[in-house]
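So the structure is just underneath, and the comments pick up after that.
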Amino acid sequence: MRRVVFNQKGGVGKSTIACNLAAIAATRGRRTLLIDLDPQGNASRYLLGKALDEQKKTLAYFFDDILGYKLFPETLAAYIVQSPFPNLAVLPSDQRLEELQFKLESRYKMYKLRESLDSLRAYDEIFIDTPPALNFFTRSALIAADTCLIPFDCDDFSRRALYTLMDSVREIQNDHNRHLRVEGIVVNQYQARANLPLRLVDELRADGLPVLDAFLSASIKIRESHHQALPMIHLDPRHKLSSEFAALYDLLSQ
């Protein structure tokens, strides 16, 4: 199963959701890989912590191989790093991805990630974190994925952007990946006692958008999780947010 977490808007929790779902999959005994296609590298930092600074092989070097910069290119598996957590590996990001994307796009290399993942059979589940833009890396991820998760942070601007986003996903489905399926919209930063989140979620459902029933609450604990480079299931498995991530994973696994 290859699952991409995608939203063109920044700050909606893509990296947090991708990493925490990957961490839960790993604790369930699933051989899990997190691919970080965002040049900011937040997901890589979250799962690898300070060890990210020591990495000599990143996705930037993999894409160098695709561009033919090496005489003897290596396979995608050569760039995978084991995280501190059992069953959880990472393909780490690199700031240099930003400068590579235009060369990759101009040479129409959008299918290379899918081709490389097709030959990678060591993992039960693959989670792909994407940049907050519909660029080369996001399109590559959507082309390579089986399903797509869309985070939504209970904001009116985010609600309006969802309709454009859904159109973008449908375009990828029609032109590049007919097997891509939208698993649903993940409501993040949810505040049950506030009127606006309730209204926005009701509006999305009234418009027929696939809002998932497992919501993720707003919590300051997630910042501590980021700071310590510990997904919630490892930082505090009894916390409400840990249970919500687990419930979301269970819902997706049905």
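The values are calculated or read from the model by the stated rules, or taken from the named source; none is laboratory data. All figures in this text were calculated on a predicted structure; none of them were measured in a lab. Glycine gets a Cβ as well: all are built from the backbone with ideal geometry, and neighbour counts include every protein chain shown.
Of note:
- The condition (being part of a loop (DSSP other than H, G, I, E, B) and free of Cβ contacts under 8 Å to residues at least 40 places away in the same chain) is satisfied by just one residue among Y123, Y108: Y108.
- Between D156, D146, D94, D124, the distinction of being closer than 21 Å to I17 by Cα and buried (at least 18 other Cβ atoms within 10 Å of the Cβ) belongs to D94 only.
- D36 being within 27 Å of L104 (Cα to Cα) and modelled with pLDDT of 95 or more: yes
- Just one of the numbered conditions (1) more than 15 Å from the chain's Cα centre (by Cα); (2) in a loop (DSSP other than H, G, I, E, B) is not true of D38: (1).
- Remark: pairs (first residue in region 206-229, polar (S, T, N, Q); second residue buried (at least 16 other Cβ atoms within 10 Å of the Cβ); Cβ separation under 7 Å; 6+ apart in sequence or on different chains) = S217/Y190; S217/L241; S217/E244; S219/L241; S225/P231; S225/M232; S225/L235; Q228/L235.
- Conditions (1) crowded, with 22+ Cβ neighbours inside 10 Å; (2) in contact with a helix residue (DSSP H, G or I) (Cβ under 6 Å, 6 or more places away or on another chain); (3) assigned to a helix (DSSP H, G or I); number of the one not met by V4: (3)
- Number of the condition not met by D175 [criteria: (1) within 19 Å of G208 (Cβ to Cβ); (2) acidic (D, E); (3) out of contact with any Lys or Arg (no Cβ under 9 Å at 6 or more places or on another chain)]: (1)
- Count - residues of region 173-199 that are without any contact (Cβ under 8 Å) to a residue 60 or more places away in the chain, touching a Ser or Thr at 6+ places or on another chain (Cβ under 8 Å) and of a type outside the set (V, I, T): 5
- Residue count for region 65-91, restricted to those that are surrounded by 15 or more Cβ atoms within 10 Å (Cβ to Cβ), out of contact with any helix residue (DSSP H, G or I) (no Cβ under 7 Å at 6 or more places or on another chain) and at positive phi: 0
- Qualifying residue in region 190-208 (condition: under 18 Å from the mean Cα position of the chain (by Cα) and buried (at least 19 other Cβ atoms within 10 Å of the Cβ)): no
- When region 71-96 is filtered for residues that are hydrophobic (A, V, I, L, M, F, W, C) and either modelled with pLDDT of 95 or more or over 11 Å from L59 (Cβ atoms) (or both), the ones remaining, listed by number, are L71, F72, A77, A78, I80, V81, F85, L88, A89, V90, L91.
- Scanning region 128-140 turns up at least one residue that is out of contact with any helix residue (DSSP H, G or I) (no Cβ under 6 Å at 6 or more places or on another chain), of a type in the set (D, E, K, R) and either within 22 Å of Q40 (Cβ to Cβ) or at pLDDT below 95 (or both).
- Residue in region 53-64 that is hydroxyl-bearing (S, T, Y), in a loop (DSSP other than H, G, I, E, B) and either touching a residue at least 12 places away in the same chain (Cβ under 8 Å) or out of contact with any helix residue (DSSP H, G or I) (no Cβ under 8 Å at 6 or more places or on another chain) (or both) present: yes
- Take the conditions (1) among the hydrophobic types (A, V, I, L, M, F, W, C); (2) in contact with a strand residue (DSSP E or B) (Cβ under 9 Å, 6 or more places away or on another chain); (3) in a helix (DSSP H, G or I); (4) surrounded by 22 or more Cβ atoms within 10 Å (Cβ to Cβ); L117 misses just one of them, which is (4).
- Checking R45, R28 one by one, the residue that is surrounded by fewer than 24 Cβ atoms within 10 Å (Cβ to Cβ), under 17 Å from S253 (Cβ atoms) and not β-branched (V, I, T) is R28 and no other.
- So R181, is it closer than 30 Å to I220 by Cα and among the charged types (D, E, K, R): no
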